[in-house]
Amino acid sequence: MRMPRLNARRSNPAALLAAGAAVIALGVLGTLGASDATPADFATAPTVTQVDVVEAYNDGWTDGRADLMGDDNRDGYVDEDESGWDCATMGNRQCGPGLPPQCKGETEYADLCATVAGRPAYAWTDADGTPHTVAAGRKLLAQLDAVPGTEEFAAALFALDTLWAQHNED
């Protein structure tokens with residue numbers, strides 16, 4: 001025996017979901033909207049235009065996207081010190097306070113000290129073939145005899161910075 005053929009089209013799941021949401025929304029509005037309002041109250045109610053709806057949607061989209069990203073100032077980018085910033089994977093990947101312990105006490109050249117401390121170990125070879133290796137910046141600063149905040153420490157910082165620039169910048 002052959003099954004009878006249905007003359008109806010299959011429903012689209014998205015259309016069914018939208019229709020269900022509309023029914024629920026209308027039911028809620030009908031329940032909450034039951035009041036003792038008169039037709040005159042509805043005649044003086046503010047009207048909502050399509051522009052108002054689009055602006056509200058866009059504002060909600062921007063705010064929701066920014067909240068998910070952690071973009072606190074809502075400029076479209078997650079900047080350092082915003083809630084979405086991850087210091088371990090973003091930017092220079094340096095977490096914590098700005099000055100390393102080797103620079104504590106240095107006030108005048110604190111930025112240069114932090115720069116020198118953040119540099120990795122490197123190596124180079126002289127023209128005559130002699131290889132040279134230089135330890136990482138923090139290790140170099142720890143080996144200095146000069147005390148941070150003194151002229152000797154500042155001179156050592158400039159010397160280390162100059163040495164790195166000679167062998168690492170084009």
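Between the DSSP loop rule and a limit of at most 10 other Cβ atoms within 10 Å, which trypsin sites (Lys or Arg not before Pro) in the range 84-170 are left?
For trypsin sites (Lys or Arg not before Pro) across the range 84-170 that sit outside H, G, I, E and B with at most 10 neighbouring Cβ atoms in 10 Å, the list reads ARG93.
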Which ³J(HN,Hα) values, rounded to whole Hz and listed in residue order, are derived for the range 14-19 from phi using the Karplus coefficients 6.51, -1.76 and 1.60 in 6.51 cos²θ - 1.76 cosθ + 1.60 with θ = phi - 60°, glycine and proline given as x? 5, 5, 5, 5, 5, 5
Calculated SAXS-style log₁₀ I(q)/I(0) at q = 0.14, 0.18 Å⁻¹ - the range 99-170, Debye, Cα scatterers: -0.42, -0.66
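We did not get these values from a lab; they are worked out from the coordinates using the rules stated. The shown structure was predicted, so the numbers you read here are calculated from the model rather than taken from an experiment. All Cβ positions, glycine included, derive from the backbone under ideal geometry; neighbour counts span all protein chains shown.
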